[in-house]
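The values are calculated or read from the model by the stated rules, or taken from the named source; none is laboratory data. Everything numeric here is computed off the predicted structure, so don't read it as measured data. With ideal geometry, Cβ positions are generated from the backbone for all residues, glycine too; neighbour counts draw on all protein chains shown.
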Amino acid sequence: MNTLGPPTAMKVTAEHLRRNAYLYVRQSTLRQVLTNTESTHRQYDLRGRAIALGWTAEQVVIIDTDQGQSGASATDRDGFQRLVAEVSMGRAGIVLGLEVSRLARNNADWHRLLEICALSQTLILDEDGLYDPCNFNDRLLLGLKGTMSEAELHLLKGRLRGGVLSKARRGELIQPLPVGLVYTSAGKVVLDPDAGVQQTVAHLFATFTATGSALATVKAFKSQDLRFPRRIGSGERKGELVWGPLEHSGVLRVLHNPRYAGAFFYGRHTHRPAPGGKTTVVTLPRDQWTVLITDAHPGYITWEQYEANQNRLAELAVAHGPNRRHGPPREGPALLQGLAVCGVCGRRMTVRYHTRHGTHLPDYICQNDGIRTATAICQAIPGAGIDSAVGQLLIDTLTPLALETALAVADELATRADDADRLRATTVKRAQYHTEQARRRYLAVDPTNRLVADALEADWNNALRELAEATDDYERAKATATTLTDTQRQRITALAADFPTLFNDPATPLRERKRIVRLLIEDVTIRRDKAITIHIRLKGGQHHTMTLPMPLASWQLRKTPDEVVAAIDELTEEHTDSQIAAILEQRGFTSGTGQPLHARLIRQIRTAYQLRSHTERLREQGLLTLNEIARRLGISPNTVKTWRDAGLLTGRFANDKGEYMYHLPPADLPRPRIGRPPRDRTIQTTSASTTRSAV
Ligand SMILES: [Zn+2]
């Protein structure tokens, strides 16, 4: 084996013997530990070989902490790590192991150990021989063995998988079945004969269909105090049936498992390498499964039901995703929750509730970007008005009249379909006639006249083929043509008549109302400007655009009586807001909600009814503030104040801050001469002289 390298004895030097010998004992799985004692013996025999090469018995260190762990990667194996550490610190003269090239099964681990052995001049020994990693030929050999080992592992897996695959393709592979399905002694899959198990599994599917969500199914089981069966998958009690509470993950497992729909599948999951030499299990999309055979065995639901459940679950899952497209109905009164789209940026809008007088009112909010980038939200729109407008639109759209029209169109289409059907039927009749003619011609000819007989036979065959094609076409077209039955028609008409009642009935749960909306509406785009614009896309493809005024603020909703508004208008001519409040209170008036009136409320009412303020009215009469007078006359405000203090101005009380407004005084009032600090005086003089020269 080692003919290219130096002889075995020459590889072991005194330096090697001075260091310890490390015997690495490896077992892959727990089963090997229990059953394959033979290989364990062989591994410990290597100890004798080390002693024969010159190490003492005390120098042989045994590392066997990896017992019971798979050798696929080094990361989980303490023993292998320890071995690497000892070798790299130069404590090992030799590493001993059975089929040493498999010390580390994957190549990365293997080459690393090899490198370290070469650096620390450590020898390697297995049953085949002794290797010096510093020697090029030995190293090449070891590297090849590592690669071979990996390749062998691969081939072994491939062989196993090949056998499994061909069985799987035939749907005959025996696989663990989910609870509720069992194998017969002949290897056929049947529903569990245990009536309790069978009924419970069936009940789960029925509950999901009724409630439309996995969580609601769990709740239903809980409220009915029902337990769900489970088979123990491993250990001593393997295969035993235990009953426990139904969990959300359990419901999902059952709903996602195609076997309950009677389908055989294989290759739904695949293993992908993950960092650290590990692998992760990935669920593949259905078109990438290796095998899928529907109607392979009895099931609890049909394949169509399975598909419908998958779609429903996907819808539910999306509701938790970043873009809550088509969220399912949830608690809370917002009708358009999950359907509202932001008219500014196109994102899904979320719902926030605020409480007003004990009722929850929805706001539709676009805040995706707001949360992510910590900026202001895109838009927030009060939702109550939008909800009722959309509800009304649905009621208006789904009138009996509208449906009558739709049914008339359907009738028209059906009539045309009948015409087409008659046409196709004629084609079939024609083909039948041709065939009959060809047959007669063939039978009439003298069989000895071979040439003519052959031609007529070919004719007859052609006619037969055309007849078959025409019949096929006819049957196919007939099957696809859908005409409404009378019962369907009656039900549709009844629904239209019932819809407003159902939708407006307070007894109809909000959840149901939201479900109805989801059946009819694709989405609703909302944009807030001076008014609210809503664009509704119905499932049928029609569009509706509506504009709603911005809802009034809360005080506006509680409308002020007309005579109070009139009184405020009149009193504002002469009085400020707080004076008006006092006067109205004396007269016994209150606000719309019966609250005593106060200045702020008076101002709000004035603004709402666009009444001019007391100040504005005084200004219209030509009254000005002190500063305005000073600006108008081009003099200092202090001068005007002096005039006021001297009683030279006539004015009126202007607002609740205690300010007055005055009539413009004549321009020739005397300028005061009062002692001032020098600096001020200079400015005063300048401005006074300017004024004087201007005059
Ligand atoms: Zn937005």
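Pairing residues of region 639-650 that are free of Cβ contacts under 8 Å to residues at least 40 places away in the same chain with residues that are outside any helix (DSSP H, G or I) and hydroxyl-bearing (Ser, Thr, Tyr), at Cβ distances under 6 Å and at least 6 apart in sequence or on separate chains, gives Leu649/Tyr662.
The residue list Ala630, Ala646, Ala582 contains one member that is more than 15 Å from Ala566 (Cα to Cα), among the aliphatic types (A, V, I, L, M) and modelled with pLDDT under 85, which is Ala646.
Against the list (1) under 28 Å from Asp668 (Cβ atoms); (2) surrounded by 14 or more Cβ atoms within 10 Å (Cβ to Cβ), the condition Leu601 fails is (1).
Quick check on region 457-468. Is at least one of its residues of a type in the set (Lys, Arg) and free of Cβ contacts under 8 Å to residues at least 24 places away in the same chain? I'd like the intermediate steps shown before the answer.
As a first pass, look at region 457-468 and keep what is of a type in the set (Lys, Arg): 465.
Narrowing the set further to residues that are free of Cβ contacts under 8 Å to residues at least 24 places away in the same chain leaves 465.
Scanning region 457-468 turns up at least one residue that is of a type in the set (Lys, Arg) and free of Cβ contacts under 8 Å to residues at least 24 places away in the same chain.
Where the second residue is among the hydrophobic types (A, V, I, L, M, F, W, C) and more than 10 Å from the ligand (Cβ to nearest atom) and the first is at positive phi and lies in region 335-353, which pairs have Cβ atoms under 9 Å and are six or more apart or on separate chains? Here the result reads Gly338/Ala319; Gly338/Val351, each pair linking region 335-353 to a residue that is among the hydrophobic types (A, V, I, L, M, F, W, C) and more than 10 Å from the ligand (Cβ to nearest atom). Would you point out the residue of region 463-498, among those that are small (Gly, Ala, Ser) and out of contact with any Asp or Glu (no Cβ under 9 Å at 6 or more places or on another chain), that is modelled with the lowest pLDDT? Within region 463-498, the match that is modelled with the lowest pLDDT is Ala479.
From the list Arg537, Arg528, Arg558, Arg518, exactly one residue is at pLDDT below 80, of a type outside the set (Phe, Trp, Tyr) and within 48 Å of the chain's Cα centre (by Cα). Which is it? Step through it out loud before you land on a result.
Working: Arg537 fails: at pLDDT below 80; Arg528 fails: at pLDDT below 80; Arg518 fails: at pLDDT below 80.
Answer to the selection: Arg558.
State all residues of region 649-659 that are surrounded by fewer than 16 Cβ atoms within 10 Å (Cβ to Cβ) and either more than 60 Å from the chain's Cα centre (by Cα) or modelled with pLDDT of 85 or more (or both); if no residue qualifies, say none. Matches in region 649-659: Thr650, Arg652, Phe653, Gly658, Glu659. Inspect region 382-390 for any residue being more than 16 Å from the ligand (Cβ to nearest atom), at pLDDT below 80 and under 30 Å from Ala497 (Cβ atoms) and give the result as yes or no. No, region 382-390 contains no residue that is more than 16 Å from the ligand (Cβ to nearest atom), at pLDDT below 80 and under 30 Å from Ala497 (Cβ atoms).
Within region 339-366, the set of residues being part of a loop (DSSP other than H, G, I, E, B) and within 9 Å of the ligand (Cβ to nearest atom) comprises Gly343, Val344, Cys345, Gly346, Arg347, Met349.
Yes or no, residue by residue, for (1) assigned to a helix (DSSP H, G or I); (2) under 30 Å from Ile492 (Cα atoms); (3) at pLDDT below 75; (4) not basic (Lys, Arg):
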| site | (1), (2), (3), (4) |
| --- | --- |
| Asp419 | yes, yes, yes, yes |
| Lys429 | yes, no, no, no |
| Tyr433 | yes, no, no, yes |
| Ala438 | yes, no, no, yes |
| Glu457 | yes, no, no, yes |
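Candidates in region 215-254 are the residues that are of a type in the set (A, V, I, L, M) and assigned to a loop (DSSP other than H, G, I, E, B); of these, the one that is modelled with the highest pLDDT is Leu246.
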